[in-house]
Amino acid sequence: MAWARVSVSPRVDVAIDMGNPFLNLTVDAFVKIGTIAATRAVAEDTYHIIQKGNISSHDFDKTLKKMCKEGVYWGTIAGVYVGTEYGVERIRGTRDWKNAMIGGAITGALVSAVSNNKKDKIAIDAITGAAIATAAEFINYLT
């Protein structure tokens, strides 16, 4: 008897075909993670508005700006990571956890360097990016 895994939660998948696998993966990551970040910003601001007890047009404007800023920031990081990991996979010619580690390290270093951090902070952020990406990859293998 064969067992099938059935997902109970709803799933929405949007495919944007850019005509290139690298661009497809990068844009997909940007859209998905950017949407999650924007949703998180709305949830956080909604909580603060409920605590305050009233809403103003200023609150609405502030929330909208925060949604856009967070969505673009985290979407860009996700796009850079996924694109880098894919590029490393293509260069190495193999698909394994090392691609995630290298992609995470490069992404962590790039994000840190763009933030005008010093050399030591860039190195620490590269190590952190590599550790998070590698851990996520191993957790992905377990599920």
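Where a number appears in this text, it was derived from the coordinates with a stated rule and is not lab data. Since the structure is predicted, the reported quantities are computational estimates derived from the model, not experimental observations. For neighbour counting, all protein chains shown are included, and Cβ atoms are generated from backbone atoms with ideal geometry for every residue, glycine included.
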log₁₀ of I(q)/I(0) at q = 0.25, 0.29 Å⁻¹ - the range 28-79, Debye sum with one point per alpha carbon: -0.82, -0.97
According to a simple spin-label model (label point 7 Å from Cα along Cα-to-Cβ), what is the distance in nm between Asn116 and Asp59? 3.4
Spin-label pair Ala123/Ala43, simplified geometry with 7 Å Cα→Cβ offset, distance in nm: 3.7
First measure r as the distance between the Cβ atoms of Ile50 and Arg90, then evaluate 1/(1 + (r/R0)^6) with R0 = 41 Å and state the FRET efficiency to the nearest 0.05. 0.30
What are the extents of the Cα atoms of the chain along their three principal axes, listed from largest to smallest and rounded to whole Å? 56, 56, 32
Nearest-0.05 FRET efficiency for Ile36 and Trp97, computed from C-beta distance (R0 25 Å): 0.60
Suppose the chain between Thr143 and Tyr73 were pulled fully straight at 0.36 nm per residue; how much longer would it get relative to their current alpha carbon spacing? 22.4 nm
Cβ charges +1 (Lys, Arg) and -1 (Asp, Glu), total dipole of the range 12-143, debye: 360
What value, in deg cm²/dmol to 500, does the helix sum -39500 (n - 2.57) over DSSP H runs of n ≥ 4 give at 222 nm once divided by the residues of the chain? -27500 deg cm²/dmol
Restricting things to Cα coordinates, could you compute the convex hull volume per residue of the range 96-143 in Å³? 46
Find the lysine pairs in the chain meeting two conditions, Cα atoms under 22 Å apart and a separation of 8 or more places or different chains, and report how many there are. 6
Which whole-number percentage describes the relative contact order of the range 34-143, with Cα contacts under 8 Å and a sequence gap of 6 or more? 23
